[in-house]
Amino acid sequence: MLYIYGATAHAKVAVETAEELHIRILGLIDKSLLIASVFDYPVKLRHEVNNDDEQFFIAVHDSGLRQRIVLENHSWAYCSLLHPKANISKRAEVGKGTIILPGASIAPDVQIGNHCIISSNAVIGSNTIIEDFVNIGANSTIGSNVLIGRGSEINANIHIPAEETIAKDSYIETTIPVQ
């Protein structure tokens with residue numbers, strides 16, 4: 001039983017991914033009083049955990065806001081949403097609360113932290129570490145042996161070459177040139 005926190009664009013992607021995984025969605029949680037439902041799922045202002053079977057997914061694109069929501073709700077059990085049309089190596093590690101969207105390709109020995117967004121058709125090379133709360137944009141490629149620091153955002157269509165280190169809370173909107 002899943003509750004999705006958020007009710008805007010990213011929540012719609014999370015809903016469809018959860019449906020593809022045949023996860024039962026009980027509803028969404030959002031602080032907006034203007035949204036009553038998303039794809040016929042009810043939206044509530046808040047939720048108190050009622051039983052141990054409840055899981056949560058934070059469907060908020062802004063990594064800073066995701067971090068704050070997790071801190072405010074530290075007792076929640078978070079699940080990851082790994083789309084069945086993503087290619088994820090059995091030797092990759094994916095943290096809790098992370099979403100990997102269709103067409104993404106994750107190589108062996110990749111470590112993806114908690115509450116990350118790996119968008120459609122992103123490619124992540126082997127021996128790469130993606131720390132918590134990172135966003136990787138659609139059609140981006142991350143080379144091998146890369147470290148992407150906590151809270152960083154890599155925009156869509158970006159190429160990060162092998163052997164790079166991206167500092168914590170970085171915002172990358174243009175391709176890093178090969179040196």
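The values are calculated or read from the model by the stated rules, or taken from the named source; none is laboratory data. Treat the numbers as computed from the prediction; the structure is a model and nothing was measured. Positions of Cβ are generated from backbone atoms using ideal geometry, with glycine treated the same way; all protein chains shown enter the neighbour counts. The protein model used for the area step is the full one, side chains on, heavy atoms only, and it has no ligands, DNA or RNA in it. Shrake-Rupley method; radii C 1.70, N 1.55, O 1.52, S 1.80 Å.
Going residue by residue through segment 156-171, is there one that turns out to be open to solvent by less than 40 Å² (accessible area, probe 1.4 Å) and either out of contact with any Gly (no Cβ under 9 Å at 6 or more places or on another chain) or among the basic types (Lys, Arg) (or both)? No. Regarding Ile142, is this residue among the β-branched types (Val, Ile, Thr) and more than 23 Å from Arg91 (Cβ to Cβ)? Judged against the criteria, Ile142 is not a match.
Does Asn135 satisfy the condition of being touching a residue at least 12 places away in the same chain (Cβ under 8 Å), in contact with a strand residue (DSSP E or B) (Cβ under 6 Å, 6 or more places away or on another chain), within 29 Å of Tyr3 (Cβ to Cβ) and among the polar types (S, T, N, Q)? Don't jump to the end; show me each part of the working.
Numbers: touching a residue at least 12 places away in the same chain (Cβ under 8 Å): yes; in contact with a strand residue (DSSP E or B) (Cβ under 6 Å, 6 or more places away or on another chain): yes; within 29 Å of Tyr3 (Cβ to Cβ): yes; among the polar types (S, T, N, Q): yes.
Answer is yes for this residue.
Regarding segment 88-95, can at least one residue be identified that is closer than 20 Å to Ala167 by Cβ and of a type in the set (Lys, Arg)? There is no residue in segment 88-95 that is closer than 20 Å to Ala167 by Cβ and of a type in the set (Lys, Arg). Screening the candidates Leu2, Leu34, Leu28, Leu45 for the property of being without any contact (Cβ under 8 Å) to a residue 40 or more places away in the chain and buried (at least 20 other Cβ atoms within 10 Å of the Cβ) yields one hit, Leu28. Scanning segment 129-179 for residues that are assigned to a loop (DSSP other than H, G, I, E, B), among the polar types (S, T, N, Q) and within 15 Å of His115 (Cα to Cα) yields one hit, Ser152.
A count restricted to segment 66-107 and to residues that are hydroxyl-bearing (Ser, Thr, Tyr), surrounded by fewer than 16 Cβ atoms within 10 Å (Cβ to Cβ) and under 30 Å from Arg46 (Cα atoms) stands at 1.
Just one of Val13, Val110, Val60 is of a type in the set (Val, Ile, Thr), open to solvent by 30 Å² or more (accessible area, probe 1.4 Å), within 27 Å of Lys168 (Cα to Cα) and in contact (Cβ under 8 Å) with a residue 12 or more places away in the chain; which is it? Steps first, answer last, please.
Details: Val110 fails: open to solvent by 30 Å² or more (accessible area, probe 1.4 Å); Val60 fails: open to solvent by 30 Å² or more (accessible area, probe 1.4 Å).
Just a single option satisfies the conditions, and that option is Val13.
The sole residue among Thr141, Thr128, Thr174 that is under 18 Å from the mean Cα position of the chain (by Cα), open to solvent by 40 Å² or more (accessible area, probe 1.4 Å) and among the β-branched types (Val, Ile, Thr) is Thr141. Residue count for segment 22-40 under the criterion of being touching a helix residue (DSSP H, G or I) at 6+ places or on another chain (Cβ under 8 Å), in a strand (DSSP E or B) and not β-branched (Val, Ile, Thr): the result is 1. Against the test of being closer than 23 Å to Arg66 by Cα, open to solvent by less than 10 Å² (accessible area, probe 1.4 Å), within 17 Å of the chain's Cα centre (by Cα) and hydroxyl-bearing (Ser, Thr, Tyr), the options Ser152, Ser120 yield a single qualifying residue, Ser152.
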